[in-house]
Structure formats: structure tokens, C-alpha cells
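Nothing in this text is a laboratory measurement; each read-out follows from the coordinates by a stated rule. Bear in mind the structure is a predicted one, so any value in this text is a computation, not a measurement. No Cβ is skipped: glycine too gets one built from the backbone with ideal geometry, and neighbour counts run over all protein chains shown.
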Amino acid sequence: MSKSNFTRRGLLKTGAVTGAGLALPTIFTSGAAAFTNEPTGDTVTFGFNVPQTGPYADEGLDELRAQELAIEHLNGMGDGGMLNTFSSKVLDGTGVLGKKAAFVTGDTQTKSDAARASAKSMIEKDGVVMINGGSSSGVAVAVQGLCQEAGIIFMAGLTHSNDTTGKDRKANGFRHFFNAYMSGAALAPVLKNAYGTDRRAYHLTADYTWGWTQQESIQSATEALGWETVNNVMTPVGAGDFSSYITPVLNSGADVLILNHYGGDMINSLTQAVQFGLRDAEANGKNFEIVVPLYSELMAAGAGENIKGVYGSMNWNWQLQDEGTQAFVKSFGEKYGRPPSNSAHTCYVQTLLYADAVTRAGSFAPCAVAEALEGFEFDGLGNGPTLYRAEDHQCFKDVLVMKGAENPTTEYDTLEIVEQTPVDQVMYEPNHPMFGGDEASLGSCNDGA
Amino acid sequence: MDAIILQILNGLDKGSAYALIALGLTLIFGTLGVVNFAHGALFMIGAFVAVTLQRILSLSYEQIDPEKTDFLGNPLKVQVPYVDSWFGADVGAWLIDWSVPIAIVMAIPVMLLVGFIMERGLIKHFYKRPHADQILVTFGLAIVLQELVKYFFGANPIQTGAPDAFAGSMDFGSLLGFPPNSIMYPYWRLVYFLFAAIVIGGVFAFLQFTTFGMVVRAGMADRETVGLLGINIDKRFTLMFGLAAAVAGVAGVMYTPILAPNYHMGMDFLVLSFVVVVVGGMGSLPGAVAAGFLLGILQSFASMNEIKSLIPGIDQVIIYLVAIIILLTRPRGLMGRAGVMEE
């Protein structure tokens, strides 16, 4: 009779040692990756992090539509959209560096913590090589920081705060969208022509990073015209009823109300200002005026008739007549039955710019991609000649000054283009005090892994 | 002085909404003993009844306008409302313009039904459960309702305007001898305040002067004894739940021109309305109404620049500060009765 030497404990020990031995080469392999989430198969995955729930969900949905379209165009499906008009010709509809482009989505909920969690999950579980999208500066700054730590490229979506490429700029983060300083610089001459140089402005400002920087930028630009700032009142985000903030305006000696609000807050504050008769009122012997420095098509449609004649600014608008815009509007319009919003445009363009940079760099490595994007000059993507400035990773291009249309024919043409402000007029130095001054730095690029 | 009058006026319409919601909350708590965290959702549903009616009235068919083109250069499809072709353009436009007041007629039966389904379908199973359970289940219900609304109507606020006749604002100042344009107040906010006063008066009259109301009040005071007299008090209380839902619903309908409805508006009002109920005194209907107006006006005053420059952020905390002070000095609230939530 033979006696077996196998015991349960012994078996477990042997199993554990063998398991560790087998796992060892895998550990070495993953350690050998040159950068975070280096794509090894025949696909490469992008992470689209947009608000799918919460107050900016409609905007997030439009961003997703555009990003999906960009993926189709990169993979050679559809009519190619802006790939046909883009000045760089390295993208040929065969994917990115020979790999088929795929995507996963995350929900930012317009909350910094939720946005970081969804970005983290896409990086760790889905192996994305870049994160693109979003609709809030608070979220953009938070996710940009996370991508910097993780060694992933962050292509920002709709974020307008000076801080994103100012004091919070990061080597792994890039912004195509314009910013609050540019809004002020573009709007000021138009406001001067329309309302003169002797005006007194009253600001209502959303109490967070975007509101603060926008207010500072607009105040500085209008004071340079000779306008006086009577007051700046911070309002809580999502206040709903702004009546108690609006009623003191008429008797404050101001004759212009500047609403540094966005989304639902802007719809409510503008509507209520009109209800309280501000647009029909006179002050200091002049017609009382309202200005909304940052517009979006979805907000404009929400505010309805109240935006008629109100000035604001935008990064891009589907009514532009250049070749790139027309190609994108046709592509997007035929697929979704509606013209794209400016947040959709920026996300689409950012996806193409990333893919283009990867192709020119010949690598998905974040530092190589960043180098390809830095100082990159391009055209054909809807904004005219554009520069991705190396010092702060901010795009410089023309800015649109808009006005609420007097006689819109559909819900999509509630805004009209007043002026395409040339890029030179909205340029600033990388160490401008509103952008963190001399202390602001990109830091060093992080490949992760 | 004009600034003070303006803030009182501002407080009145905000206070009207708080009072109407708090009235319903108190009715439900006083009759059924349920702490209903879904009550704000009823206000929100009411607002979306107005949105729905506006959409129904605006239902249109497409007509090609060969002279205009859409954004892709195709002939423009113009939307013509069915009501225009059925009743003529003038009547059609009038119906769409007056959709908010007309929505009240639709909101009352809809809200009674929603209230009935909510009470019979879910809340009645929690009568004997602790208040914590009731809060959890009604809070969950509120989230489900708001997600449903978001699914169908989207996340952005939806403009639902007042009839053109009430679109402007009234120069209140010149009535009181102030210079022109010093106190401007939108007509619709005035309408809202009057409407709230009528609804509140109506609910009180109903409880005070009808036999049904008398029985309900008796039931609120001593449910067991009323039951022993052979009266089916539960049935009446269910009807009161429906009534409270209808009050919240019509309050929501009429509020739409003041605040563009969105899916989370109910939650925004709910928390403040609960504070109103607590300050007014749990179970006290006059207390809820008085506290609603009081806190609405206080909140408006706290938003004045002069006050905010003295105490920054006071506009955000004033209501809770007042609640703490009142609860410390009068633990049962302004008009609370002994024995409510104290057993």
C-alpha cells in the first residue's frame, strides 16, 4: 500500500509558488510598457468623459455625438468630415497608426469627483490612451490633474476658465476651446461700438473658477474701454431664482448688466432680468443693456426670446461659411438631423488633433504626442489658421462675437455672428497675470507606466 | 426704502411657493403621519404638466417652405401647430400663449391621480414604519420621479412663458410715490402671489367650513376616536393626500414662468420647505404658511448687497440660521402643538 505525500496545505503552497512563477513574466511585460496603456492589439481606445447626467447632460450628449462621428471618420466610415479639409494630411481613414480607433465613455456628472472617478476607471479598466471631453472648468482642471499623474493625454472639451491653461496648466493637458480672457478681448470693441465708452457695469458672477476668471477678464476688458464697474455680486451655482440679485441692479447706478453665468443659471438669470424690465428700462439717460459673455447654442435655445439683441461670444458656430465648418455641419447634420453645437465641434476637433499628432509622432507615447501638438499650426478645422501654443497648450484662433437673433427661423439659428475677431486681438503672453503669471508652469510631461 | 419694498415683494413670491409646498407637507404629516420627501417632486411634476400641455398644444405638422432653406441647404420644413389649423391662427396662438393658466385645469385631475397612486401604491405600506423608513422610501421615490422626468424632457431648463398679457413688469414705485422705474415688479409674480393667497384661503376654508374638513381636522386631532365613531378616516386622509398633491402641482404649474422648469427643481424646494414646516411647527397649517412667507422674505433681505457685505454668504445660510434660533427658543416651532412627533 502506497502512502500519498500530498497534503492540502502542501498543494496550496506549491500552487501559489507555481502561480507566482507563471505570473512573473506578465509582471515584467507590463513593467516593460513604455508608457501607460500602450496599445498592443489591433485597436486603440479613446476615453470620452462627458456629462451624461446632471445639468449639462444635453451638452454632453452633443459632445458624444461629435466624438462618435470623429471615430467613424478616423476609421474611414462616412464622408470623412473635416479630414477632407484639415491642413495636415497624415490621417487617411485607416485608423490611427494602423490601429482601429475605438472608444469608451464615462459620465462626469459635472462633478469633479465623479469625473475623476470615471476617468480613472477608463484609464485602469478600459486601457484608454487619452481622455477627451467635458463641459465644466472645475471638471476639466480636476481631470487634467489626474491625467498628468496617470501619464495620459487630456484633450479638454468645453472649458472656458483662464485657469485650465493658466495657473492649472499641465504638460499632458491641451485645450482647443477659447477662454474668458479671449471673450473679453473680443467683446470689448463690439461693446464699445454698440454702447459707447461711458458705461457703468454691474456683474452677477457664478461663484466658481470659471465665473471668477470670466468676471476678472470682462471687467479688465471693459474698464480698458473706459467703463466703470459698479458692483460684482457672486451668486451660488444653481441658485434658480435670481430675483433678489437682480432687483438691486436698476437702482445701483449701473446701465449694463453682465451675466457671468452659464447653462441653466444663465437661462434663469437672463429670463428673470428681462422679466424685471431691465431691457426696457433706462438708466443714466441710456437704454439699459445686458451682456452674456459666454454663449452656447443649447443655452440660447433655452433662453428663447430673451436673448434677442444680447451680445456674447463663442468658440465656433455652425453658421460659419468656411470649408471646414461646412464639411463638419454636413456630416453631423446628415447623421443626427441637427447642426452641431460649439462644444460638439471642439470635442470633434480635439479627437482629430490627437489622432493627427499621434500619426505625425509615430507613437502613442504621451510625451511624443505632446511634442507633436506643441507649436502645431493648422487650418481647415473651422476656426481659420490656428496655433497650439507650446508654452501653455492653448489654441489661438479667431473668436466669434455673437448676438441673439431678432427673427430666428428655427431653434438652431437663435444666435447670429456679429464679428469674427482676428486672433491677434485675443493673443496674450503665456505669463500674463490672469494666467498664473511667471509662476505658472506646465511641469514635465509624464509618460506614466 | 425702495430697496426694502422690493425685497419684501421678492420674498412674497418665493414665500408663496414655500408656503404652498409646506402646506401640503403639513397636511400629509398631520393626517397620515408620513414625512413625505417626495413632495417636492410633486411640485416638479406640476411644473411639467404645464410643459406637457404647452408641448401638446404646440404639436405640429411639417410644411415645406420652398422659399427658405434649412442648415443643410434643403427646403425648410416649417412646423405648423395643429391647433392653428383646427381653430384658426388667432385662437391657436392664444391657446399656446395661455397654456400655463390652462394647465391648471389639467394639473388638478393629474395630480389627484398621481397623489392617489403614490399613496395607495407605496406610501400606505409605510404608515406603521418609523419616520426614517418613510424618509428613505419617499426620498428614493423623488429620485425615481426626477430621473423619469429627465429621461422624457432632458436636463436643461425648459422656458415656459407667462401669457403675453402678463409679460412685462409693473412700476410699483410710481404707485407709492417713488420716482419712475425705481420699483419694478413683474406682473406674473404678482399673479403668483394672489394665486397662492387664493389657494391657501381655499384650503383653509375647505377644512374650516365643510363637514369633510371638520372630520379631517377631528381625525388630525384624535384619529382613534373619530374611527370609533364609525367614520372611515383612512379614506378621507387618502383624499387629503390627493389634495396636498394637487396643491403642490398647481403651485408648480404657476411657478413655471418664474423659474424655467428642470428635473431637479423639486429637490431644491423640498429642503427649504421642510425647514419651513419645522419652523412653522410640525402639523400646524397656519404655522407652515406664516413660516413660508417669513423665510421667503428673510431670504430676499439676506441677498441684499448691503447685508452680504456685512456678513458674506448670509444669503445661503439665513434660513437655516433662523431655523436653529427658533428651534432653540421655541422647540415646537412658531405654532407647533404639543405631542406632535414627540411620542
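Miscellaneous remarks
- Helix-only CD estimate at 222 nm, as mean residue ellipticity for the protein assembly as shown, using -39500 (n - 2.57) per DSSP H run (n ≥ 4): -16500 deg cm²/dmol
- Between A:ALA102 and A:SER441, the simple label model (points 7 Å from Cα in the Cβ direction) yields a spacing of 4.0 nm.
- The tail of the calculated P(r) for segment B:196-239 beyond 16 Å holds 38 percent of all Cα-Cα pairs.
- Between segment B:66-129 and segment A:146-223, the Cα center-to-center distance that results, in Å: 39
- For segment A:39-114, alpha-carbon Rg and Dmax in angstrom: 14.3, 38
- Among the cysteines of the protein assembly as shown, A:CYS147, A:CYS347, A:CYS395 have no other cysteine beta carbon within less than 4.7 Å of their own.
- Positive-end residue of A:VAL190, B:VAL247, A:THR271, charge dipole of the protein assembly as shown with Cβ unit charges: B:VAL247
- Equivalent ellipsoid dimensions for chain B as semi-axes, Å, which come from the Cα gyration tensor, largest first: 37, 28, 19
- Averaged over A:271-281, number of beta-carbon atoms from partner chains that fall within 10 Å: 5
- For segment B:257-316, the spread of Cα coordinates along the three principal axes comes to 37, 28, 18 Å, biggest extent given first.
- Along its principal axes, chain A has C-alpha extents of 112, 46, 43 angstrom, given from the largest down.
- Under the Debye formula (equal points on every Cα, no solvent term), log10 I(q)/I(0) of segment A:181-314 at q = 0.15, 0.20 Å⁻¹: -0.62, -1.21
- On the basis of the beta-carbon distance and an R0 of 30 Å, B:ASP90 and B:ILE198 show a calculated FRET efficiency of 0.50.
- Remark: the B:ASP222-B:LEU310 segment gains 26.8 nm on full extension, using 0.36 nm per residue and subtracting the alpha carbon distance.
- About its Cα centre, segment A:250-384 has a charge dipole of approximately 320 debye under the convention of +1 per Lys or Arg Cβ and -1 per Asp or Glu Cβ, with nothing else charged.
- Comparing B:LEU328, B:LEU310, B:LEU32 in a Gaussian network model of chain B (Cα springs below 10 Å), the most mobile by mean-square fluctuation is B:LEU310.
- Ordered from longest to shortest, the equivalent ellipsoid semi-axes for segment B:1-97 are 43, 21, 14 Å, each the square root of 5 times a Cα gyration tensor eigenvalue.
- For A:GLU334 and A:GLU429, the difference between the fully extended length at 0.36 nm per residue and the C-alpha to C-alpha distance is 30.1 nm.
- In terms of its Cα atoms, the protein assembly as shown spans 106, 85, 59 Å along the principal axes, sorted from long to short.
- Think of the protein assembly as shown as a dipole: +1 on every Lys or Arg Cβ, -1 on every Asp or Glu Cβ, centred on the Cα centre; then among A:ALA303, B:ILE64, B:ILE104, B:ILE104 lies furthest on the positive end.
- For B:LYS235 and B:ARG129, a Förster radius of 30 Å and the Cβ-Cβ distance give a FRET efficiency of 0.90, rounded to the nearest 0.05.
- Sequence-separation-based contact order of segment B:164-235, relative, with Cα cut under 8 Å and 6+ spacing, percent: 17
- Taking packing as the residue-averaged number of other Cβ atoms within 10 angstrom, the listed peptides A:247-259, B:232-244 run from highest to lowest as A:247-259, B:232-244.
- The ratio of the alpha-carbon radius of gyration of segment A:335-397 to the globular-protein estimate 2.2 N^0.38 Å is 1.20.
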